[in-house]
Number of protein chains: 2
Amino acid sequence: MHVDAISNVTEARAEDLVNKTVLVIDVLRATSNIVTGLVNGCCGIIPVETIEQANEVWQSGDLLAGERNCTLIAGFDLSNSPFEYMSPMIQGKRIIMTTTNGTRALQKSQMADTIIACSLINAQACAKAAAKLNQDIILLCSGTNERFCLEDGLCAGLVIEELIKCCDTPPSINDLGMLLRACFAQQKDHITDALKECSTGKRLCSLGFWEDIQFCAQMNLYTLVPALQQGILVPLTVR
Amino acid sequence: MHVDAISNVTEARAEDLVNKTVLVIDVLRATSNIVTGLVNGCCGIIPVETIEQANEVWQSGDLLAGERNCTLIAGFDLSNSPFEYMSPMIQGKRIIMTTTNGTRALQKSQMADTIIACSLINAQACAKAAAKLNQDIILLCSGTNERFCLEDGLCAGLVIEELIKCCDTPPSINDLGMLLRACFAQQKDHITDALKECSTGKRLCSLGFWEDIQFCAQMNLYTLVPALQQGILVPLTVR
């Protein structure tokens, strides 16, 4: 098994994803919210790229969710804070979600065999599920504005640690993956501080979202693995 | 002062380089060879992208140097091993050089104010020179085949360490730069092993170039800083 870490959405080439398991990572905050929403009883999340697409897909009873530049979109029901995805209002509802980077990465992964939404809060479960699927793995860090983001890289490093633990034969890993694993090993005892100091974290802190960072920094909090099936993210069931 | 690390040549956008000091990094082996050649008395190195351009630029007395897929180009005088750049035959000669990634990164940096060839062997000197120039800095990791390479990343991490030491006010650093700094801090006591285990290193070892890796892994061996001036790399003199 081979593991390729990719530093941002722009670097992902569709043809490289064929026959692979892709773990899309957007720790602050899209994939953390997707996991949290499914854990808290929403029945599925549809990722779309644009606000227009969100409105097109919407059907009566659905919730519209997302952000542009960290803030709520006018007319939308949910913004991009994980605490909103714990609300009783999401129970049994479909959520149509558009964010700046994470949902774009999910959309771009269409050529993959299996597409999983991964974050620090469900990293171990994602690693175990990906190992069972027994295909080469892409760790797609969503990044911000076509650049690498530390929080996604640390999550990829954690996934690699967990993959090595649960694979009988150690996977081969590309250079970026080796780097991220080493960096995670160095920072794992102060992940919250690392998330606070990275560029997205600084921006979120300045906007008052400090508690979101604390929540998203919790490693392996949930065992739910969201997978994209016919365009909708639902809990994965691995045979 | 702001420091941006960029993971590979493809990610560099020409417009982002304007008014910047760019440190082009290709540890294995283009920028290591450039430094070694200038230290050992060649009078200048002209980086070109293609074999055709190398032949066009060539004038009587010049040496042709370069590689494709780690091996000598037919009809060329020098390959891509640093020990060749210590030979008495290079004394007083111009070298026309084309390599797979490093010379491409130098060519792509044309919009920058100052373009420096940086490697582990001259990293401290490059950091000091860049700090004196007092402009924002781009650490352009050349990478391989449009992907990040660990050896270039570790060198960028060392440069950041050295920049922090020699700047009165600590520079701001992008997320990739913070990651590379942390990774360098973790691996600095076994850089040679890290270079041996990364993808380029493995390939070079399999081709018998183990001593090249050992040479290129020596940190801060030289104080010479090559800068690209009117298309030719010569020792930089900072006011």
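The values are calculated or read from the model by the stated rules, or taken from the named source; none is laboratory data. Keep in mind that what you see is a predicted model, and the values were worked out from it rather than measured. In this analysis, Cβ positions are derived from the backbone assuming ideal geometry, glycine residues included, and neighbour counts consider all displayed protein chains. Please note that ligands, DNA and RNA were not included when accessible areas were found on the heavy atoms of the full protein model with its side chains. Shrake-Rupley method; radii C 1.70, N 1.55, O 1.52, S 1.80 Å.
Observations
- Looking across the range B:203-224, the residues that are touching a residue at least 24 places away in the same chain (Cβ under 8 Å) and farther than 21 Å from B:Phe184 by Cα come down to B:Arg203, B:Leu204, B:Leu207, B:Phe209, B:Glu211, B:Leu224.
- Restricting the search to strands (runs of 3 or more DSSP E) fully inside the range B:86-141 and requiring at least 2 residues that are under 18 Å from B:Leu180 (Cβ atoms) gives B:114-118, B:137-141.
- Residues that are touching a helix residue (DSSP H, G or I) at 6+ places or on another chain (Cβ under 8 Å) and open to solvent by 70 Å² or more (accessible area, probe 1.4 Å) were ranked within the range A:194-211; the one that is nearest to the other protein chains (Cβ to nearest Cβ) is A:Glu197.
- Flag for B:Ala12 being more than 23 Å from B:Lys202 (Cα to Cα) and within 14 Å of chain A (Cβ to nearest Cβ): yes
- Qualifying residue in the range B:156-169 (condition: open to solvent by 10 Å² or more (accessible area, probe 1.4 Å), in contact (Cβ under 8 Å) with a residue 12 or more places away in the chain and within 13 Å of another protein chain (Cβ to nearest Cβ)): no
- Where A:Val24 falls short, out of the listed (1) crowded, with 16+ Cβ neighbours inside 10 Å; (2) under 16 Å from A:Gln110 (Cβ atoms); (3) free of Cβ contacts under 8 Å to residues at least 24 places away in the same chain: (3)
- Per this entry, B:Gln214 is not counted among residues that are within 14 Å of chain A (Cβ to nearest Cβ), among the polar types (S, T, N, Q) and either part of a helix (DSSP H, G or I) or loosely packed, with under 15 Cβ neighbours inside 10 Å (or both).
- The single condition among (1) within 14 Å of chain A (Cβ to nearest Cβ); (2) in contact with a strand residue (DSSP E or B) (Cβ under 6 Å, 6 or more places away or on another chain); (3) β-branched (Val, Ile, Thr) that B:Val27 does not meet is (2).
- Here B:Leu224 meets the list (1) part of a helix (DSSP H, G or I); (2) aliphatic (A, V, I, L, M); (3) away from chain A (no Cβ under 11 Å); (4) open to solvent by 10 Å² or more (accessible area, probe 1.4 Å) almost entirely, failing just condition (1).
- Restricting attention to the range A:109-147, the residues that are within 14 Å of chain B (Cβ to nearest Cβ), open to solvent by less than 20 Å² (accessible area, probe 1.4 Å) and over 11 Å from the mean Cα position of the chain (by Cα) add up to 1.
- Taking the range A:50-91 as the range and being farther than 25 Å from A:Ile121 by Cα and of a type in the set (Val, Ile, Thr) as the test, the residues that pass are A:Thr50, A:Ile51, A:Val57, A:Ile73.
- Taken over the range B:170-180, residues that are facing another protein chain (nearest Cβ under 8 Å) and either in a helix (DSSP H, G or I) or open to solvent by less than 10 Å² (accessible area, probe 1.4 Å) (or both) amount to 5.
- Of the residues A:Arg104, A:Arg94, the single one that is open to solvent by 10 Å² or more (accessible area, probe 1.4 Å) and touching a Ser or Thr at 6+ places or on another chain (Cβ under 8 Å) is A:Arg104.
- Any hit, the range B:151-162, residues being farther than 25 Å from A:Ala185 by Cβ and either in a loop (DSSP other than H, G, I, E, B) or acidic (Asp, Glu) (or both): no
- Total residues in the range B:78-91, condition farther than 20 Å from B:Phe209 by Cα and open to solvent by 10 Å² or more (accessible area, probe 1.4 Å): 3
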